[in-house]
Structures are given as structure tokens and as C-alpha cells.
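Enquirer: To start, I am sharing the structure in question, which I have written as C-alpha cells.
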Amino acid sequence: MTTQARLHEHVASLSLEAKVRLLTGATVFTLHPAPEVGLDALALSDGPTGVRGVKVSGHDQAALLPNATLLAASWSEETLATAGRILAEEAERQRVHVVLGPTINLHRSPLGGRLFEAYAEDPMLTGKLAAAYVRGLQEHGIGACLKHLVANEAETQRTTVDSQVDEATLREVYLLPFEIAVEESQPWSVMAAYNKVNGTASTEQDHVQNEILKQDWGFDGLVMSDWGATHTAAAAANGGLDLVMPGPEGPWGDALVAAVRDGEVDESVVDDHVLRLLRLADRVDALDGPRAWRTDRLEPGSGERREQLTRLAAAGMTVLVNDGTLPLPRETTVALVGRHAVETVVMGGGSAEVRPVHRVSIADGLREALGDQVSVTDGVEVRVRPRIARPGALRDPVTGTPGIHVDVLDVDGAVLTSTHHDAATTTFGVDDPMPAGAANARLTAVVLDHGTIEVGVLGEGAWAFSVGDDTHALSLDIGDGDPADPVLRPPGWTTEVRVDDPVLLQATLTLTEGYAARVGLGSRPAPVHPGPAIEAAAAAVRDADVAVVVVGLTEEEETEGCDKATLALPGEQDALVSAVASAARRTVVVLNAATPVLMPWLDEVDAVLWAGFPGQESGHAVAAALLGDVEPAGRLVTSFPAADGDHPSWTVRPTDGALPYTEGAFLGYRGYAAGRAPAPAFWFGHGLGYAAWEYGVPTVATGDAAPVLTVAVTNTGDRESREVVQVYLEPVEADQPVRLVGWAAAVVPSGGTAEVTVTCEPRMWRRWDVEADRWDRIADGGRLLVARGLGDVRATVAL
């Protein structure tokens, strides 16, 4: 019997009620089993840069990879395939069947809060890298999940916003990454987005999910909802959605059974949904018995894994400016400055967060590489929101180990549950149901910081808080924020106290019916006024050979659930850079940010290295890049505006609930090239590496469906380097933007020459004919631009 016949036989053996039961999750991250057809319970996990597991909190430690923009800056399909393979091994280690990634929405506006999870502003680059990531995951039998289908490029009002996109732009731009990934890697699942598209909820998009995804592209996998995104039974079931998440509650269940009985949904539609679910289970080896999980996968902190993640991060880092200061000679004395140097941001916020086995700061990484040649000075404050205590700042008073103690109490104060948490945070009512009779939760910890410190609590609700003899009653509310804020961005409160000896911190939360939120305790040294901090930094750099000042963004700006209002660095970081640059002999700026920032001090410094959020090995990777142990050969995956507002598609704020994509296909570099915004500070594709290059005269041959371009590149630098040859098409039609049509890379020794061949992507010669409702070809002619980013075009070839 064929696999298809076997799956159909399983579907036919189930009652309507049994089939519908399978189409809503069993818990937040697991699905229902069906022993009668051999279906094991599938486990899903958030991604895309780490496998968290099936719990929001209290999960296992995991390997934390570099963030998506940093991986994508490699412009390397092999790098993304390697990332996929690592995640597959991590998933197997944690017994997870499907990783919820990659995120392949586009960088429409640099204000998007979730861009750090997505690859690029270009659809073709995004699609090709996503396909490689999917192949790396699925070759190990772990399912990938493309997300979020579609036009989900901003977080403001994300659960209700109506993204208004004309059909040509939808097909040519925003669906293209999904199309490429589906056709070239056959992902086993896709996630529908929260937003509406042209007035219809993504979970009910018959046009996108049935007509385009399943029919036109031949997708035979499963379409699941984003968590809590489904609000209808018949409309969503008929619209192509196969699985509602999370569970066990949801809008389907009895309502979908009734819709079938009443003739609103044909039972064959339900059968197709179940068939796709069973097909996914079969692919991840969870049908006909539980999967035989391998137990020999690398641990997250193993030497081999750490070396692997260090190299992945360093290779994607991008040299934006360099007068020759980089790479640093090994004998250099370095004055390292900045809060991001000592508290390096390793990942963005929201569902992409994992619990890494460790976080190597840039200070630790450089000191490990250079020893006493490095001095370290803290910088200015970079956050405004209260945050969970850093690892090691608190001790459980019951166990004596790092972390906090959590008791759940009944109305009389009797303890119902008592648990240790080795992080300073936990959740209530999210991963597991509250114990019967729960009335209060008590969090306690011993504060290990001393001096003037800032302590506090995070979590929605009414709290009684005490530190030593200092007590407070407070109520924290998310206000009008995102519905997921109680878990993703909980509100917080802090107070400053003087602590000379270890002191007990205690916070008691009143638990209300249906309570579901993340909570935690905070403790850190009290923030220093920016004036003295900047003066101390300037004084610290005067005698060193070079100052390395680390600035950037944090999980407050780079996060799920909200967008940015500006690209300016938070706090007084710009003033810090200027002060250091005026005092130091030479100044290198390291940008610990995953997306564009403004750089008003650019003409004052000698080099700038964009480092992204480099993951658990951040400090080792930055040290390797600065010292040239690994060449930071990245190329930008999104344009960096020179000023707020100077962008072809700036706004992320809906008007009357609608967000029109008025720029059409001219987003990012395409709009800049058409003169629709002032020139960017750095173009898409820009990156200097550690060499200089000469280009020969390119030749073009006719390929099967698109040109094949060959060009000789000569490394005129003094070290081996990797060059990325980028080819863009400049069409003759005024309503068609410049677009990337291909790229290829070569590693060339100093003084060497390599012939680089770029096979262009045929899809980039298409345009959508709205009247005929089909693909057509753009007009013949135009030019190919051979470039190191659109700001550095090396040759043109007329077509």
C-alpha cells in the first residue's frame, strides 16, 4: 500500500468528532495523539534561532544561534543550511518534531520590531536562504514551518491590522520568498499570520492558502495558525487553514463539527486537513508509533558546537567603514567601552527567545583573546524598561542555588506547589494549568548585588513587594499593548535601595481567574547618570592604542509585539561614541544591533563593525572578527537610512486599522534606486570585508530562462578574503524597480583572481498581469548591474 493510500485509510477510519479533535492543539506546543491510527503526539517549538522546547518557561537550556539578519548577511545558502542542521540536531535532542521557522517576511520598514527574526528586504535573497534553511532542517527529519503568510511586516496592531497590498505587489514581492522556499525545499508546514490581507484574515485566506499555496504551488504540507490568530470555524476551515494553535481551547471543536453537520463546511475539507496533519506526522516519523529519537546529538555547550556558532556569527558580521584600523594586530592595547560590551545583547525579544547555555559578552571574549591588553569600562544606560535579573544575581533561599523560589498558595496561605527556578522568571497559566484553589503566588530570592541597586518585579497584576524591611503595594497593567504582552513584554516596576549584605527579596502576586502571564524578579546595580559615565569612558581610552566602543539596541526595540519609533540609538549612546572618538587615538564602533541604526558620529570614527545579535558565543565571535581570525565578510541585507523618515516605506502605524503598502514593489533599495527617498547611509549589499577588489569586464551568456554572467575578480588586498558578486537587473519599464537577480561568492587569496559565475534567477524577469490573472514577462532590454552593493556598481551590461 502506498503512503498516500495508507494516510487516506487512516482518515477514513476516524469519526468526524475524532478528526476535528486533531485539528486543534492539545497544549500550547503539542498536538493530540490518535492511537487508533498510530499517531503520536507531535511537539512543536518556537524558533528560528534556537529550539526552546514545548514550554514558554522552565524549558531546557538550548544552543542559541546568531539572529536571522546576521546569518543572512553571509549571503550563503550553505551557512543557512548549516543553521538548519544545527537546529534539527537541537530539536532531536529536545524531542521536538517541528521547529517554527524560518521567518521570511520582508524588511518593508526598518521600524519593524520583528525584523531581527527575518532575513532581508529583498524577496529573492530571502527565499533562497529560507529554502537552504528548510533543507538543512528537514534532511534530519525535523519539520520546518515557513512564517508568517503573508504581508506581516510590522507589529503595531498586529492582530487586527489590515495590510492592503495590490495583487501584483503581493505576487511579485511578498509571496515570492514563500514561493521560492515551497518550490525549492518543499517545507512540511506553513504558518498563517495574525493580520488581515485586503480585508480578509490571514487564517481565512482562500485566495492565498488554497488558490496560490496549495493549488498553484502544489504545497502538500500543513497550514497552521499563528498562536491565537484563528477566530472563526467555517471561514477558516474553508479558507485553507489546517490546524488551529494553541490548544486545548479554540474556535473549532464543537463549532466545526456543527458547521459540517449544517452544510457550511464539506466533510471532505476536514478530511484534507487531517490528511495533511497525518502526512506531517509521517514525515517526522510520528505515525505508526513514536519516533526513535537519537541520543548522540551535541550538547549546546560542547566545544564543537561553540566553535561552530562562533564561526557562523563572525562570518556574517559586516564591516561598514574601515580606514585600515581593522583587523586589530594581536599586540594592540584596547580600551573597551559600553554597556553592550559588558552586557552584550545576544538575541531579540518575544517568541524567538531561548534559554542559552551561556552568554559570552564582548568583554569576556576580547579579554580571553588579548588578556591584560584589554581594559573594560561600562557605558551609559541603554534600557528604560525593568528587566529580569541577570543570571547569578539572585539565589534561591530554600535550595541555596542560583535562581528564585516560587510557591503557589491557597486563600488560607497553605502551600500548594513549591518549586525552584534557576532563571529569575516563570509563567503562570501558560504552560500548565494553575493548581486547584490557587489564590497567590510568592516569588522569593536572596539579592547578591550590593551597594546602591535597583530591584523590582515584572508581571501583570496586583503585587505585594518587599526587599528587606522596605515594602510596597503595587498594580501593574499592560494597558493598551499587544494581547501577548503579559507573556512577551510584561510590565514592571523598580525601586532603588542600598544593600550592604545579602537581603531577601519577596513578591506576592494575587492570582485571578484565567490568569496567564510571565513574571519575575529584577536586581541590578543602579543606573549611573550619563554625564559621569561618559567622562569615565573618555578618560579610560586616552592611553590605549585603540578604543572599541560597543553600542546598539536591546530586546526592548528588537522584539515581537511592538515596533520602533526611531532608528536612533537609545539613551546617550551617540554622545558616548563622540566623547570616546574625541579622546582616543583610534576608534572602532561595534554595533550590537540586528537592524539599522542612525550614526550621527560616523565621520568621527575610524571603523564600524555591524555585529548583529551574535548568539551564545557573541564575545568570541566579535573578538574573532576584530582580530581577523575569522573575516567579517558579511553584506548588508537591508538598507540603512541616513535619517528617520528617509525610507521608501517608512510607516508601520495603521490608519483606521489599515496599513497600505503604497510603495508597491519599490521597498528598500528598490525605492532608493528609483529616487523615492534620499540616498541611504549604507546600501543593501554593502560590506567591505578585509580586502580590496578589482573587477574585470563581465560576459553574459544566454541561460535556459535567464542570463548567466561571468566576471573575474582580483583580490588586491594583503590577505585571503571572500567576495560576494551581486547582479541586479535595471528594467526598461518605469513601473518595474531595480531588483537583485543573482549572486555568487568566491574565496580568493591575496593577489589572486577568480572567475565568478552568477546564474540569474528566472523568476525575477516575471511580472504579474492583473487583468489576465497570470504571469507575464517584463519587457526585453534593460541592464545588468554588477556590484558590491548598489552603492558600489563595478560594471554594467546592456541586455
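The values are calculated or read from the model by the stated rules, or taken from the named source; none is laboratory data. Please read all numbers here as calculations on a predicted model, not as lab measurements. We place every Cβ from the backbone using ideal geometry, glycine too, and count neighbours over all the protein chains shown. For accessibility, only protein heavy atoms count, side chains too; no ligands or nucleic acids. Shrake-Rupley method; radii C 1.70, N 1.55, O 1.52, S 1.80 Å.
Enquirer: So what is the accessible area of the chain per residue, in Å², with the probe set to 1.4 Å?
Expert: Heavy-atom SASA per residue in the chain reads 34 Å².
Enquirer: Based solely on its DSSP helices, what 222 nm [θ] is calculated for the chain when runs of n ≥ 4 H residues each add -39,500 (n - 2.57) and the sum is averaged over all residues, nearest 500 deg cm²/dmol?
Expert: Calculated at 222 nm, the ellipticity per residue is -6000 deg cm²/dmol.
Enquirer: Right, here's the next one. Using modelled amide H (1.01 Å from N, peptide plane; none on Pro or chain starts), what sits under 5 Å from the amide H of G552, excluding residues fewer than 5 places away?
Expert: N592
Enquirer: Starting from the Cα of D166, move 7 Å in the Cα-to-Cβ direction to define the label point; list residues of the range 632-671 whose amide nitrogen is under 18 Å from there.
Expert: Once the point is set 7 Å along Cα→Cβ of D166, 648-650, 659-668, 670-671 turn out to lie under 18 Å by backbone N, inside the range 632-671.
Enquirer: For the range 657-799, take the convex hull of the Cα atoms, compute a quarter of its surface area, and give me that in nm², please.
Expert: 10.6
Enquirer: Counting alpha carbon pairs within less than 8 Å and at least 6 residues apart, what relative contact order, in whole percent, applies to the chain?
Expert: RCO, the chain: 15 percent.
Enquirer: Let me ask something additional. When the scattering of the range 327-392 is computed by the Debye formula from its Cα atoms alone, each counted once and equally, what is log10 I(q)/I(0) at q = 0.17 Å⁻¹?
Expert: Once normalised to I(0) and log-transformed, intensities are -0.73.
Enquirer: Another question, if that's okay. Can you find, among V741, W768, V756, the residue farthest towards the positive end of the dipole of the range 725-774? Put +1 on the C-beta of Lys and Arg, -1 on that of Asp and Glu.
Expert: V756
Enquirer: Please name whichever of T24, T710, T399 sits farthest to the positive end of the charge dipole of the chain, dipole taken about the Cα centre and charges placed at Cβ: Lys and Arg +1, Asp and Glu -1.
Expert: Of T24, T710, T399, it is T710.
Enquirer: What's log10 of I(q)/I(0) for the range 562-650 at q = 0.11 Å⁻¹, Debye sum over Cα points only, no solvent?
Expert: Debye output, listed in q order: -0.36.
Enquirer: Same structure, new question: Tell me the carbon and sulfur percent of the accessible area for the chain, rounded to whole percent, probe radius 1.4 Å.
Expert: Roughly 48 percent, rounded to a whole number.
Enquirer: Here's another thing I want to ask about it. May I ask you to evaluate 6.51 cos²θ - 1.76 cosθ + 1.60, the Karplus curve with θ = phi - 60°, for each residue of the range 536-552 and list the ³J(HN,Hα) values in order in whole Hz, giving x for glycine and proline?
Expert: 5, 5, 4, 5, 6, 9, 5, 9, 7, 5, 8, 9, 10, 10, 10, 10, x
Enquirer: Okay, moving on. Can you compute the FRET efficiency between D656 and A462 using 1/(1 + (r/R0)^6), with r the Cβ-Cβ distance and R0 = 22 Å? Round to the nearest 0.05.
Expert: Efficiency for this residue pair is about 0.05.
Enquirer: Tell me, what HN-Hα J-couplings in whole Hz come from the Karplus equation 6.51 cos²θ - 1.76 cosθ + 1.60 at θ = phi - 60° for each residue of the range 283-297, using x for Gly and Pro?
Expert: For the range 283-297, the Karplus-derived couplings read 5, 9, 6, 10, 10, 6, x, x, 5, 8, 6, 6, 10, 10, 6 Hz, x marking Gly and Pro.
Enquirer: I would also like to ask the following. Describe numerically, in nm with one decimal, the distance between label points set 7 Å from Cα along Cα→Cβ at E184 and at E604.
Expert: Rounded to a tenth, the inter-label distance reads 4.3 nm.
Enquirer: Could you tell me which label, among [x] 111, 55, 52; [y] 74, 71, 53; [z] 97, 68, 50, carries the value of Cα extents along the principal axes in Å calculated for this structure?
Expert: [y]
Enquirer: Ok, one more. Starting from the Cα-Cα distance between H420 and A798, subtract it from 0.36 nm times their residue separation and give me the gain in nm to one decimal.
Expert: 129.3 nm
Enquirer: State to the nearest 20 debye the size of the charge dipole of the range 408-479 about its Cα centre, where the only charges are +1 on K and R beta carbons and -1 on D and E beta carbons.
Expert: 80
Enquirer: Ok, one more. Quick query: amide H of L416 versus all other amide H atoms, modeled in the peptide plane; which residues come in under 5 Å with a sequence gap of 5 or more or a different chain?
Expert: Those lying under 5 Å, H to H, from L416 are V408, L409, D410.
Enquirer: With +1 assigned to the C-beta of every Lys and Arg and -1 to the C-beta of every Asp and Glu, and no other charges, what is the dipole magnitude of the chain about the Cα centre in debye, to the nearest 20?
Expert: For the chain, the charge dipole is close to 1220 debye.
Enquirer: For a quick protection proxy, order the peptides 146-156, 729-739, 78-88 by their average other-Cβ count within 10 Å, most packed first.
Expert: For the peptides 146-156, 729-739, 78-88, the packing ranking is 146-156, 78-88, 729-739.
Enquirer: If the cut-off is 19 Å between C-alpha atoms, which lysines fall inside it for K147, apart from same-chain ones fewer than 8 positions away?
Expert: K128, K196, K214
Enquirer: Students often check this: by mean Cβ neighbours within 10 Å, which of 177-184, 124-131 ranks highest, and how do the rest follow?
Expert: Peptide ranking by packing, descending: 124-131, 177-184.
Enquirer: Subtracting the Cα-Cα distance from 0.36 nm times the residue separation, let me have the gained length for H358 to D545 in nm, one decimal.
Expert: Going from the current span to full extension adds 64.3 nm.
Enquirer: At 0.36 nm per residue, minus the direct Cα-Cα distance, what do R766 and D288 gain on full extension? Give it in nm, one decimal, please.
Expert: 167.7 nm
Enquirer: Determine, from the Cβ-Cβ distance of T512 and H472 and an R0 of 25 Å, the FRET efficiency 1/(1 + (r/R0)^6), rounded to the nearest 0.05.
Expert: Plugging the Cβ-Cβ distance into 1/(1 + (r/R0)^6) gives 0.80.
Enquirer: In addition: Can you give the Kirkwood hydrodynamic radius of the range 147-239 from its Cα pairs, in Å with one decimal?
Expert: 13.2
Enquirer: Let me ask another. Counting only the backbone N, which residues of the range 739-776 are under 11 Å from the spot 7 Å out from the Cα of V708 toward its beta-carbon?
Expert: 757-760
Enquirer: Compute, for the range 146-266, the length of the dipole vector about the Cα centre, with Cβ point charges of +1 (Lys, Arg) and -1 (Asp, Glu) only. Units Debye, rounded to 20.
Expert: 280
Enquirer: For A12 and D266, what is the calculated FRET efficiency with R₀ set at 22 Å and r taken between the beta-carbons, to the nearest 0.05?
Expert: That pair, A12 with D266, gives E of 0.90.
Enquirer: If we sort 609-622, 257-270, 415-428, 467-480 on the protection proxy, mean other Cβ atoms within 10 Å, highest first, what's the order?
Expert: 609-622, 415-428, 257-270, 467-480
Enquirer: Answer with one residue from A313, A335, F219: the one whose Cα lies farthest towards the positive end of the charge dipole of the range 209-351, charges on Cβ with Lys, Arg +1 and Asp, Glu -1.
Expert: A335
Enquirer: Show me, for the range 114-123, the HN-Hα J-couplings you get by feeding each phi into the Karplus relation (A = 6.51, B = -1.76, C = 1.60, θ = phi - 60°), rounded to Hz, glycine and proline as x.
Expert: My calculation for the range 114-123 gives 9, 4, 4, 7, 9, 7, 6, 8, 9, x Hz in order.
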